[in-house]
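The values are calculated or read from the model by the stated rules, or taken from the named source; none is laboratory data. Quantities reported herein were computed from a predicted structural model and do not represent experimental measurements. Neighbour counts run over all protein chains shown; Cβ positions are idealised from the backbone, glycine included.
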């Protein structure tokens, strides 16, 4: 399969939807999370962990990242682990399969990191009731939201 280039998002989550994700999410599955501390996926996940989110690494090449067991795919995460957000650090050609898995897992949102967008997969996710964020960094958005007075709701 030829590598697909990133698309420009035709539609994206509003700032209010982003704030709602950040305020209510507890568990974030990070697809493509590297165990290398200098990789963006690791920097972002470590930041989110420090902010109180539970991180679930998804990477078949590693066993553990940031003190959390890594799973080879979303479907391998135990069913008793509720995934609120699927944060994607994969090439665009892999995004449709990740979205399918996120829908099957019952995630509430799919977040495609800065530089990533896939409009067809986003529409499929929205049709299934998920909020979709494309081409935005969850770390940057969290810092902006927190600076504006946002606080994650604790249960």
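Exactly one residue out of 117, 148 is more than 18 Å from residue 29 (Cβ to Cβ) and in contact (Cβ under 8 Å) with a residue 24 or more places away in the chain: that is 117. Looking at 66, 33, 22, 48, just one residue is at positive phi and surrounded by 13 or more Cβ atoms within 10 Å (Cβ to Cβ), and that residue is 66.
So for the range 93-105 (the condition being in contact (Cβ under 8 Å) with a residue 40 or more places away in the chain, surrounded by 16 or more Cβ atoms within 10 Å (Cβ to Cβ) and farther than 19 Å from residue 45 by Cβ), does at least one residue qualify? No - not one qualifying residue is present in the range 93-105. Considering only residues that are buried (at least 19 other Cβ atoms within 10 Å of the Cβ), touching a strand residue (DSSP E or B) at 6+ places or on another chain (Cβ under 6 Å) and in a helix (DSSP H, G or I), which ones fall in the range 119-142? The answer is 122, 125, 138.
Can you find a residue in the range 1-9 that is buried (at least 16 other Cβ atoms within 10 Å of the Cβ) and closer than 16 Å to residue 141 by Cβ? The answer is yes; a qualifying residue exists. Going by the structure shown, is residue 110 modelled with pLDDT of 95 or more, over 15 Å from residue 132 (Cα atoms), in contact with a strand residue (DSSP E or B) (Cβ under 6 Å, 6 or more places away or on another chain) and surrounded by 16 or more Cβ atoms within 10 Å (Cβ to Cβ)? Here the answer is no, as residue 110 does not meet what is asked. All conditions but one from (1) more than 15 Å from the chain's Cα centre (by Cα); (2) farther than 18 Å from residue 18 by Cβ; (3) at pLDDT 95 or above apply to residue 129; the one that does not is (2).
Residues of the range 72-90 that are surrounded by fewer than 20 Cβ atoms within 10 Å (Cβ to Cβ) and under 23 Å from residue 21 (Cβ atoms): 73, 75, 78, 79, 80, 81, 82, 84, 90.
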